[in-house]
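S.K.: A single structure is presented below for examination.
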Amino acid sequence: MPRALPEPSVDSFDLTVILGALAEPGRRALMTELYRSPEPIDCAVIAATVDLGLSNPTISHHYRVLREAGLIRTVAEGRKRMVRVRRDEMESRFPGLLAAILAT
């Protein structure tokens, strides 16, 4: 049975935390690729697509930082972790922020 991992509420989004999460080039590359996908996608597929050359624990750390900043939603489905950008929530709190940073 799928379960969502803990994430902050929209009211508790902190712009400093969000910008800090996106300041790291590896996390920004993951977010840019996720931003292009309108559907949830397996985090391993995104990591392989971006190919940062980082270890699995480091990739997991990047996903955790993004999730704890409120940028992504992660749902555990067995051994898979399906992720998606929290577009609507981010747009309601900080209109245009993700588009300005991630749109290519």
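S.K.: Give the stretch 1-13 a look and list any residue that's open to solvent by less than 70 Å² (accessible area, probe 1.4 Å) and modelled with pLDDT of 90 or more, or say none.
M.R.: Passing the criteria: 7, 8, 9, 10, 12, 13.
S.K.: Can you name the residue in the stretch 34-47 that is part of a helix (DSSP H, G or I), touching a strand residue (DSSP E or B) at 6+ places or on another chain (Cβ under 9 Å) and open to solvent by 30 Å² or more (accessible area, probe 1.4 Å) and, of all such residues, is nearest to residue 87 (Cα to Cα)?
M.R.: Step by step, filter the stretch 34-47, then rank; the result is 35.
S.K.: Also, I was wondering about something else. What number of residues in the stretch 87-104 are in contact (Cβ under 8 Å) with a residue 60 or more places away in the chain and charged (D, E, K, R)?
M.R.: 2
S.K.: A further question follows. Just to be sure I understand, how many residues within the stretch 17-26 are in contact with a helix residue (DSSP H, G or I) (Cβ under 7 Å, 6 or more places away or on another chain) and open to solvent by 30 Å² or more (accessible area, probe 1.4 Å)?
M.R.: Total meeting the criteria: 1.
S.K.: If you don't mind, there's one more thing I want to ask. When the residues of the stretch 7-33 are narrowed to those that are among the small types (Gly, Ala, Ser) and assigned to a helix (DSSP H, G or I), which ends up nearest to residue 95 (Cα to Cα)?
M.R.: Within the stretch 7-33, the subset among the small types (Gly, Ala, Ser) is 9, 12, 20-21, 23, 26, 29.
Add one more test, that the residue is assigned to a helix (DSSP H, G or I), and what stays is 12, 20-21, 23, 26, 29.
Values: 12: 16, 20: 18, 21: 18, 23: 19, 26: 24, 29: 21 Å.
That would be 12.
S.K.: Turning to a different aspect of this structure: Within the stretch 51-86, track down each residue that is part of a helix (DSSP H, G or I), open to solvent by 80 Å² or more (accessible area, probe 1.4 Å) and without any contact (Cβ under 8 Å) to a residue 40 or more places away in the chain.
M.R.: 56, 57, 64
S.K.: Can you name the residue in the stretch 87-102 that is aliphatic (A, V, I, L, M) and over 18 Å from residue 62 (Cα atoms) and, of all such residues, is most open to solvent (accessible area, probe 1.4 Å)?
M.R.: So, considering only residues that are aliphatic (A, V, I, L, M) and over 18 Å from residue 62 (Cα atoms), the one most open to solvent (accessible area, probe 1.4 Å) is 100.
The values are calculated or read from the model by the stated rules, or taken from the named source; none is laboratory data. None of these values were measured; they are calculated from a predicted model. Here Cβ is always computed from backbone atoms with ideal geometry, including for glycine, and neighbour counts include all displayed protein chains. For accessibility, only protein heavy atoms count, side chains too; no ligands or nucleic acids. Shrake-Rupley method; radii C 1.70, N 1.55, O 1.52, S 1.80 Å.
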